[in-house]
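See below for the structure under consideration.
The values are calculated or read from the model by the stated rules, or taken from the named source; none is laboratory data. Everything quoted here is computed from the prediction, not taken from an experiment. Cβ placement follows ideal geometry from the backbone for every residue including glycine, while neighbour counts extend to all protein chains displayed.
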Amino acid sequence: MTIEVRNIVKQYGAFKALDNVDLRVADGELLALLGPSGSGKTSLLRIIAGLDWPDSGEVSFDGENALVRGAGERHVGFVFQHYALFRHMSVFENVAFGLRVQPRAVRKSEAQIRARVKELLDLVQLDWLANRYPSQLSGGQRQRIALARALAIEPRILLLDEPFGALDAKVRKELRQWLRTLHEEIHVTSIFVTHDQEEALEVANRVVVMDKGKIEQIGTPGDVYDNPATAFVHSFIGESIVLPVDISDGQVKLGHRPLNIDAGGAIGPSKLFVRRHDMQIGPVGEGALDGTVRRVRTFGPIQRADIALSGDDTLVEIDAPRDRPLTTGDAISLQPRRYRIFAAQE
Ligand SMILES: Nc1ncnc2c1ncn2[C@@H]1O[C@H](COP(=O)(O)OP(=O)(O)OP(=O)(O)O)[C@@H](O)[C@H]1O
């Protein structure tokens, strides 16, 4: 099932939660909506689900207008962060629920329902928990059952809103892998909302980065990380060093210091973005910036160092491989290996 969203505007009073959003989701995609709190992710998901309506714009599923249908008629499965399972029902009955309440004309027989629930519990690898009650499950198990329940009605679209948000870091990581594998098996068009960039980059085929009700960039995880389209995307995804620069006559200056890097067409007050691991360390005077090492922490294969830049002591945090050991007090130079320059925003 393809989803097409066109020119969606959603206002709450004078506040625009969604400002002309356009999005096309291909059949079988696993798409992440990623953005900071309040960027409009949930508002967009609710409109696609049929739980809310836009002030203007269009939503279609496989080319058919979805806005004329309510949530119940859209054949959409949901999983939310706190998707309360029915406490008084066993795991089996929770998963069976959607099938039991279907209209009589399409309802499956008891034997078919039992077979379908068994199949779903196998799919989420929790068949051994069928007779337990929700209070007897871990948080991660509950979310997997919630997903089995959402899939019971064979939804054409699966919508997940921070499905792992309430779980601890280790369980989240396991469930990410699990969701990806599950999606490869079932291929239902899926959109999941997260504010966690690692989760989005690790799980999704494509990532939609949102800010202030607008889409900033749509791309593969590789695209949004390696080729951020805007300053916002660069600072939101991955850790970056951001330095205010000024560009005139093609020359990039940090304060009064010329940096000897290519301005790439930018003019006037701008921001230089460099990933922490993209700063090459060299002898003083041989890079774009000189500085002094202030502090070094070593973990795993990298050393993270605070460097005070010569001139105004601006501190930048860099990641360097351990084969070039840094010591507090070292005078060094930094040369951006890869960088982007964006016009400074007011
Ligand atoms: N019913 C409502 N009435 C008024 N304002 C609302 C309502 N629902 C959402 N908003 C506002 O719209 C904006 C977008 O909210 P939304 O829930 O879509 O953001 P989000 O990106 O999902 O954020 P979070 O990650 O915190 O859930 C927020 O500023 C929010 O306060």
Just one listed residue, out of Leu30, Leu44, Leu23, is away from the ligand (no atom under 16 Å from the Cβ), closer than 29 Å to Thr181 by Cβ and buried (at least 19 other Cβ atoms within 10 Å of the Cβ), and it is Leu30
When residues of the range 148-164 are limited to those that are under 19 Å from the mean Cα position of the chain (by Cα) and either away from the ligand (no atom under 16 Å from the Cβ) or modelled with pLDDT of 90 or more (or both), the one farthest from Lys118 (Cα to Cα): Asp161
Out of Arg142, Arg132, Arg104, Arg149, I need the residue that is without any contact (Cβ under 8 Å) to a residue 24 or more places away in the chain, of a type outside the set (Ser, Thr, Tyr) and either out of contact with any Asp or Glu (no Cβ under 6 Å at 6 or more places or on another chain) or surrounded by 14 or more Cβ atoms within 10 Å (Cβ to Cβ) (or both). Which one? Arg104
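List the strands (runs of 3 or more DSSP E) that sit entirely inside the range 29-81 and contain at least 3 residues that are under 30 Å from Glu198 (Cβ atoms) and either assigned by TED's automatic domain parsing to the domain that holds Ile8 or not β-branched (Val, Ile, Thr) (or both). Show your work before the answer.
Values: elements: 30-34, 56-61, 76-80.
Answer list for the range 29-81: 30-34, 76-80.
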I need the full set of residues from the range 5-20 which are more than 9 Å from the ligand (Cβ to nearest atom) and closer than 14 Å to Ile215 by Cβ, in order please. Val5, Arg6, Asn7, Ile8, Val9, Asp19, Asn20
Just need a number here: residues in the range 56-82 that are surrounded by fewer than 16 Cβ atoms within 10 Å (Cβ to Cβ) and in contact with a Leu (Cβ under 6 Å, 6 or more places away or on another chain). 1
Given the range 251-346, what strands (runs of 3 or more DSSP E) lie entirely inside it while holding 1 or more residues that are at pLDDT 90 or above and touching a Pro at 6+ places or on another chain (Cβ under 8 Å)? 251-254, 268-275, 279-282, 302-309, 315-321, 331-336, 340-343
Of the residues in the range 152-205 that are closer than 20 Å to Glu73 by Cα and among the β-branched types (Val, Ile, Thr), the one that is surrounded by the most Cβ atoms within 10 Å (Cβ to Cβ) is Ile191
Quick one: would you say Ala96 is buried (at least 18 other Cβ atoms within 10 Å of the Cβ), assigned to a helix (DSSP H, G or I) and not polar (S, T, N, Q)? yes
Before we move on, is Leu85 part of a loop (DSSP other than H, G, I, E, B) and away from the ligand (no atom under 16 Å from the Cβ)? yes
